[in-house]
Each structure stands twice: as C-alpha cells, then as structure tokens.
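These notes are about the structure you will find just below.
None of the figures in this text is laboratory data; all of them are computed from the coordinates on show. Just so it is clear, the model here is predicted, and its values are computed rather than measured. Using ideal geometry, Cβ is built from the backbone for each residue, glycine included, and neighbour counts are taken over all protein chains shown.
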Amino acid sequence: APVHVSHATPSSEARKPAGKGDTILEVKNLTKEFKLRGALGKSSQFKAVDDVSFTVKRGSTMAIVGESGSGKSTVAQMALSLLAPTEGSILFDGVEVNTLKGKALFDFRRRVQPIFQDPYGSLDPMFNIYRTIEEPLKIHKIGDSKSREKKVRELLDQVSMPAATMHRYPNELSGGQRQRIAIARALALNPDVIICDEAVSALDVLVQAQVLNLLNELQEDLGLTYLFITHDLAVVRQIADQVCVMQNGRIVEAASTDEVFNNPKQTYTQDLLNAIP
Ligand code: ADP
Ligand code: MG
C-alpha cells in the first residue's frame, strides 16, 4: 500500500511567523491522468501520478526518487504550476498553486525556481551568461542596469564562477559550470524553493558531488528549500533530509534519508539501493 507522509501542522502553529521548520510545500492526494490516443479513435486514461501526498519543511530537502517513468517530473511540473493536476492540490506557503493567476502567479514564479537537467532546457544557448542571469531580474523589473550588473557579479561569485564567465556562452562551459550558472540564475530572485529535476544527472560523480556541495552550502546560507528529483539514490544520500520513493506514479516508501538507507521497507527501495555502484 502507498505510504503517505503527513506532518499536519496544528492551527496554532500555522499562525506563527514563517521560519525554518514550518511547512512550505504541501502536496495532497495529487493525481495526474494523461489521455492516450489509441487506434480507431479509442482513447484511454493513464495515471502518471497517483494519489501522491507529502509535505516539505522550510529549509529542508525532500527528494523524490524512482526509476524513469515513475512520475517524478510530472510531480515537478505540477509543483511549478506548469501543469494542472487532475485531482488533489499543492499548497505553497498555504496557497493553492494550481489556481494562481496574474500577480499572484508572477510572485510564485519568483519564489519557486526550477533547475532542470543539463543540457536539455537548462540554459538558452543564444544568451551569454550575463544575459542568462540578468534576464529574470529584468522580467521582474528589479533594479537598473548598473545594479543588475552588480547582482550578476555577486551571483557568479556565490556559485564560485569567475566574473569573466559573464561574456561566455553556455556551449563554452562544462556541464558542471552550466549547472552553476543555472543555480545563479535560480538564485537571482531570492527564491524560497528550488525544484531540481535531475539537476546533476548529466554530470560525472566528482562534478556531481561539487554541485551538490554548493547546493548544500547555499541551503545553509540562504535557508533554501529543495524539492530534489532524481533517479539516483546515491545523489539522494548527499543532499536529502527526507525521501519519497515513487513507483508507477505512487509513493511506495516515504521516510528520512537515514531510514531509507539503513532500513528500507520495500523491496523496490532495496532494489534501488542495490543499483548504487
Ligand atoms: P519520470 O520523471 O519519473 O521519468 P515522468 O513524470 O516524466 O516520469 O513520466 C511519468 C509517465 O507519464 C511516463 O509513462 C510518461 O511517458 C508519461 N507522461 C509524461 N508526460 C506525458 C504527457 N504529456 N502525455 C502523456 N504521457 C505523459
Ligand atoms: Mg523525469
């Protein structure tokens, strides 16, 4: 049976000022069905995400792990308000994400930032690095060009990239460097949450560890919350506090990272663990 993690916040706590440890993301009974077109005009429904629930505490990292096709990216797309759920809800800071419009959606797009897999959809190849990082500041009308340049320099420094990188193009950088730029761009708007969908999956293990270290440091410094999606449990161990294991659209195991590694309850989780080299 699917396991549901629920850390319901008592209403008295909900009135406290927002701080580390409060629930920032709450996913409730989330379901996504895709209509599949078959032969002879017959269509069928397919549940890519099936009754998924979990909560994420501010300042923590929740990993969603599972093999390819288990529904992880579909959860990410819904959490980013890029895809509407068939059923269920996602609350960001207590507000339903799916119904956001206008200014509220614009504000949500500032506070919740994505980082995708390199090189697919991570950076625009036609934008140099300066423009890549400046773009979100321009869209959100933050500062004048001079203060934006200062901010771009700060952000490059924050991700340990030399300032001269700003004149270069994504194809002139390594995969690890490109993901540092993707992180800098995600940080430009001082987000609360970063949703990483296979953000380190294209990198070799050493560079992976460096980027994960950077993400860990930034979390410490900035109080960021991560929803960290990966097919790789070895990556989960380096970054996550909590883990949801997904299989065929459902959460089959949900626990702290330590519990998942030391005492996995499901055969499927054990299989994922055995797959770690
Ligand atoms: P994961 O990220 O875990 O690899 P996805 O969320 O991308 O999995 O996909 C879950 C399932 O939903 C897969 O079987 C995939 O083929 C299917 N799927 C994803 N997006 C669509 C779509 N837009 N239309 C139809 N099926 C889709
Ligand atoms: Mg995916």
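Relative to the longest principal axis of the Cα atoms of the chain, the long axis of helix 205-222 makes an angle of roughly 80 degrees. On the basis of the beta-carbon distance and an R0 of 30 Å, Glu259 and Asn190 show a calculated FRET efficiency of 0.35. In the frame of its principal axes, segment 30-188 has Cα extents of 55, 35, 30 Å, reported largest first.
How much length, in nm to one decimal, is gained on full extension between Leu105 and Ser68, taken as 0.36 nm per residue of separation minus their Cα-Cα distance?
Going from the current span to full extension adds 10.3 nm.
Using the rule -39500 (n - 2.57) for each DSSP H run of four or more residues, divided by the residues of the chain, the 222 nm mean residue ellipticity is -10500 deg cm²/dmol.
Quick check: the angle from helix 145-158's long axis to the longest principal axis of the chain, C-alpha only, nearest 10 degrees? Computed tilt is about 60 degrees.
Can you work out the PRE-style zone for Asp124? Point 7 Å along Cα to Cβ, and I want the residues of segment 182-213 with backbone N under 17 Å. Output list for this probe position: 182-189. Relative contact order for the chain: 26 percent, from Cα pairs under 8 Å spaced at least 6 residues apart, divided by residue count.
Taking a ≥ b ≥ c as the square roots of the eigenvalues of the alpha carbon gyration tensor, segment 137-202 is oblate, as a/c is not under 1.5 and a/b does not beat b/c. Ranked by the mean number of other Cβ atoms within 10 Å of their residues, highest first, the peptides 141-148, 25-32 come out as 25-32, 141-148. Spin-label pair Arg153-Tyr169: with each label point 7 Å from Cα along the Cα-Cβ axis, the two points sit 2.6 nm from one another. For the cross-link pairs Lys72/Lys265; Lys42/Lys101; Lys103/Lys265; Lys72/Lys101, the ones whose C-alpha atoms lie over 32 Å apart are Lys42/Lys101; Lys103/Lys265. Taking every alpha-carbon pair within segment 208-249, the share separated by more than 13 Å comes to 56 percent. A convex hull fitted around the alpha carbon atoms of the chain yields 159 Å³ per residue. With Cα atoms as the point set, segment 191-277 shows a radius of gyration and Dmax of 13.1, 37 Å. Axis of helix 175-187 versus longest Cα principal axis of the chain: the two differ by about 90°, to the nearest ten degrees. How big is D, in µm² s⁻¹, for segment 101-145 by Stokes-Einstein at 20 °C and 1.002 mPa s if Rh is the Kirkwood radius over C-alpha pairs? Calculated translational D: 177 µm²/s. Each Lys or Arg adds one and each Asp or Glu subtracts one; over the other residues with Cβ under 13 Å from the Cβ of Asn216, this totals -3. Taking 0.36 nm per residue of sequence separation and removing the Cα-Cα distance, the Asn274/Ser89 pair yields an extension gain of 63.2 nm.
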